[in-house]
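A.B. asks: This is the structure I have questions about; it appears just below.
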Amino acid sequence: QVQVVESGGGLVQPGGSLRLSCTASGIAFSLYIMGWYRQAPGQQRELVAAVTSGGSTNYAESVKGRFIISRDNAQNTVYLQMNSLKPEDTAVYYCNAGWRGGAFWGQGTQVTVSS
């Protein structure tokens, strides 16, 4: 049984930082492309950052220079370090595990950036 579980969301002031974690079980984690997506109210879900099995990363333009994605294959975990947060980063953040056309999603974690 595959489980993808996010944690680390919360309320933070503009300019602050948060680190999201996502642990996946029931899959060969090291083979998967791991991604973080987000969806704000009334908006489509968008890719924030992704890391391949080989460690290559890509980021949405809106988060480049502020967010860092990393993975720990020994812990079956992917992280998203979010710095210099802005109100427009407010959204539900979802973790995605993808490989060979298949994908698994977590339930999402809320990130709210507000003073």
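A.B. asks: Name the most mobile residue of 91, 40, 50, meaning the one with the largest mean-square fluctuation, in a Gaussian network model of the chain with Cα contacts below 10 Å.
C.D. replies: For the chain, modelled as a Gaussian network with Cα springs under 10 Å, the answer is 40.
A.B. asks: Step through the residues of segment 16-26 one at a time and calculate ³J(HN,Hα) from phi using the Karplus curve (6.51 cos²θ - 1.76 cosθ + 1.60, θ = phi - 60°), rounding each to whole Hz and writing x for Gly and Pro.
C.D. replies: Values, residue by residue: x, 10, 9, 10, 8, 10, 9, 10, 10, 10, x Hz.
A.B. asks: Something else now. Explain nothing, just the number: dipole magnitude of the chain about its Cα centre with +1 on each Lys and Arg Cβ and -1 on each Asp and Glu Cβ, in debye rounded to the nearest 20.
C.D. replies: 100
A.B. asks: How much net charge surrounds residue 27 when only other residues with a Cβ under 14 Å from its Cβ are counted (Lys, Arg +1; Asp, Glu -1)?
C.D. replies: Residues close to residue 27 contribute a combined charge of +2.
A.B. asks: Residue farthest toward the positive end of the dipole of segment 1-85, with Cβ of Lys/Arg at +1 and Asp/Glu at -1: which of 18, 5, 75?
C.D. replies: My answer, from the dipole projection, is 18.
A.B. asks: Same structure, new question: Tell me, what ³J(HN,Hα) does each residue in segment 96-111 have, in order and in whole Hz, if you take phi through Karplus 6.51 cos²θ - 1.76 cosθ + 1.60 with θ = phi - 60° and put x for Gly and Pro?
C.D. replies: 10, 10, x, 6, 6, x, x, 8, 10, 10, x, 8, x, 9, 7, 10
A.B. asks: Springs between alpha-carbon pairs under 10 angstrom, Gaussian network model over the chain: which of 43, 13, 75 fluctuates most?
C.D. replies: 43
A.B. asks: While we're looking at this one, here's another question. Against the empirical 2.2 N^0.38 Å scaling, what ratio does the C-alpha Rg of the chain come to?
C.D. replies: My calculation over the Cα atoms of the chain gives 1.00.
A.B. asks: A further question follows. Roughly how many Å² of residue 47 are accessible to a 1.4 Å probe, to the nearest 10?
C.D. replies: It works out to around 60 Å².
A.B. asks: Of the heavy-atom accessible surface of the chain (probe 1.4 angstrom), what whole percent is carbon and sulfur?
C.D. replies: It is 47 percent, rounded to a whole number.
A.B. asks: Hey, another quick one. Antiparallel as a % of all DSSP beta bridges within the chain, to the nearest 5?
C.D. replies: 95
A.B. asks: GNM on the chain, C-alpha springs below 10 Å: top fluctuator among 42, 26, 54?
C.D. replies: Fluctuation is largest for 42.
A.B. asks: Solvent-accessible area per residue for segment 20-112 at a 1.4 Å probe radius, Å²?
C.D. replies: 49
A.B. asks: Using θ = phi - 60° and the Karplus form 6.51 cos²θ - 1.76 cosθ + 1.60, what ³J(HN,Hα) does each residue of segment 63-79 get, whole Hz, x for Gly and Pro?
C.D. replies: 10, 4, x, 10, 10, 9, 9, 8, 9, 10, 5, 5, 9, 6, 10, 10, 10
A.B. asks: Compute the relative contact order of segment 2-115 as a whole-number percentage, counting only Cα pairs closer than 8 Å that sit 6 or more residues apart in sequence.
C.D. replies: Taking the mean separation of contacting Cα pairs over the length of segment 2-115, I get 37 percent.
A.B. asks: Cα centroids of segment 46-65 and segment 1-23: how far apart, whole angstrom?
C.D. replies: Spelled out, the Cα-based centre of one part sits 16 Å from the other.
The values are calculated or read from the model by the stated rules, or taken from the named source; none is laboratory data. Worth saying up front: this structure is predicted, and the values here are computed from it rather than measured. Heads up, the Cβs are rebuilt from the backbone with ideal geometry, glycines too, and the neighbour counts pull from every protein chain shown. In case anyone asks, the SASA skips ligands and DNA or RNA and just uses the protein heavy atoms, side chains included. Shrake-Rupley method; radii C 1.70, N 1.55, O 1.52, S 1.80 Å.
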